[in-house]
Amino acid sequence: MAKTGFVSEAGAHGFAFDGPGSTHFSITVVLVEEENRREVEEGFRRLRERNFPGGVISSPAGNSGIVQRREFLDELNKLDFSFHALLVDKRKLHQKSPLQYKGTFYKFLSGLIYNNLYRTVPDLSIVANELGTPEFMESFRRYIHENHQVDLFSPATFTFSTGEEVELLQLAGFIGESLNLFHAGLSEMDLEQELAGKCVGVNRWPEGYVPYTVDTEGMVADAQDEAITAAAQLRARDYLERYAGSEDPVVRSRMVFVEYLLMVFTYNYKTRFIHTYELLQHLNSYKYENYTEHRFRSLVVGPVRDEGVLIVSSSAGYKLPCSTRDIYNFFNYYNQQIQPMLARLGQCHRALELATGGELNVLEQPEYDNLKKLLAKFS
């Protein structure tokens with residue numbers, strides 16, 4: 001059955017923790033079946049007018065009016081809707097990470113909840129609050145359509161609203177604001193409990209995990225894993241700082257690539273390889289260049305590695321390294337490619353030496369001294 005999700009943000013981008021609930025940011029979606037939408041909107045409007053004559057619902061810090069709000073929540077429980085939210089504790093984010101940039105902040109975090117929604121709720125349409133300028137909103141719309149909608153043959157609608165004419169955006173904003181205040185310790189009103197029958201999940205982010213461990217085959221952490229993890233993050237951040245402000249579209253593409261690797265590594269799963277297809281989808285959504293797999297490897301991945309950013313790869317994709325296991329697997333992966341290449345060079349050298357009676361010995365060139373030593377292993 002078709003559903004509409006009303007999406008609203010509570011809190012703001014930035015790391016100035018000087019206001020009530022400013023330590024948290026949330027994105028909340030209120031879900032209603034399309035055939036019940038009008039009834040839920042009208043029911044919510046009546047509740048708002050009866051409980052908040054001024055027409056504005058807010059969740060102030062402290063516990064003033066807590067009885068009135070519980071009565072309001074009791075009435076909300078009678079309406080036919082559900083909600084899902086992403087709750088971000090900004091205190092756990094690195095302030096020098098790519099999330100310091102407003103566009104990256106909203107796109108990446110919104111992507112987390114939209115990716116979950118579109119892969120879970122069939123036949124879903126979205127009405128979302130506006131986040132910025134028309135130019136940013138158009139960029140944001142393209143980003144969501146190209147990266148987080150899974151049904152390419154029947155794409156759901158995705159529209160924006162100021163919220164003034166959409167009642168349920170105000171409900172989503174109220175829920176998000178209440179979640180922020182409760183988890184910041186500024187309110188005793190826990191909406192996950194008060195609206196337990198309506199809540200279909202509040203995802204905390206960043207997720208907690210034990211750092212510097214590899215979650216495959218029960219392998220315990222190596223003594224060097226912490227140093228590898230720190231070096232990978234440091235070099236990635238250094239690259240982003242060096243090229244911040246660049247207008248070169250290829251350089252900006254490389255920065256988007258490094259930012260994405262760093263965000264997944266820092267805030268999601270250190271052990272997850274990101275498939276080339278996923279990276280291309282993300283990169284091409286920015287419209288700097290149109291990248292095929294070959295152009296991506298030659299113009300983005302290779303030059304970024306040449307700049308000293310530590311990136312390991314496998315048949316599963318790319319990631320920043322977090323363990324000695326990552327490093328050994330990476331060396332093994334490349335070794336499997338390099339050794340056959342060296343063997344072919346050796347075969348070519350020996351064949352030409354034989355054909356020319358020893359007159360052509362490519363390896364006599366001083367520039368090939370190191371290559372000569374390597375090829376000696378395959379003679």
| note | Low-density loop trypsin sites (Lys or Arg not before Pro), the stretch 285-376, at most 13 other Cβ within 10 Å, DSSP non-H/G/I/E/B, are K287
| Put +1 on the Cβ of every Lys and Arg and -1 on every Asp and Glu Cβ in the stretch 288-379; which of I327, Q339, P303 then has its Cα farthest towards the positive end of the dipole? | I327
| field | Calculated log₁₀ intensity ratio I(q)/I(0) where the Debye formula runs over C-alpha points of the stretch 272-379, q = 0.10, 0.15, 0.17 Å⁻¹ | value | -0.46, -0.82, -0.91
| Whose amide H sits under 5 Å from the amide H of A128, counting only residues 5 or more places off or on another chain, with H placed in the peptide plane? | V7, T159, F160, S161
| request: Work out how much length R252 to D18 would gain on full extension: take 0.36 nm times their residue separation and subtract the Cα-Cα distance, in nm to one decimal. | output: 81.0 nm
| For the stretch 229-314, what does the alpha-carbon gyration tensor say about shape, rounded, prolate or oblate, given a ≥ b ≥ c as the root eigenvalues, a/c under 1.5 as rounded, and a/b over b/c as prolate? | oblate
| query | FRET efficiency for L354 and L374, Cβ-Cβ distance as r, R0 = 35 Å, nearest 0.05? | reply | 0.95
| Accessible surface, the stretch 232-379, averaged per residue in Å² (probe 1.4 Å) | 56
| query | Under 20 Å from the Cα of K198, which lysines turn up, not counting those fewer than eight places away in the same chain? | reply | K3, K78
| task | Grab the beta carbon distance between K78 and N335, set R0 = 51 Å, and tell me the FRET efficiency rounded to 0.05. | result | 0.20
| Rounded FRET efficiency, nearest 0.05, which uses the C-beta distance separating T120 from D238 and R0 of 41 Å | 0.60
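The values are calculated or read from the model by the stated rules, or taken from the named source; none is laboratory data. As the structure is a computational prediction, the values presented were derived from the model and not from experiment. Because the Cβ atoms are built from the backbone with ideal geometry, glycine has one as well, and the counts that use them run over all protein chains shown. We work out accessible area using only protein heavy atoms, side chains counted, and drop any ligands, DNA or RNA first. Shrake-Rupley method; radii C 1.70, N 1.55, O 1.52, S 1.80 Å.
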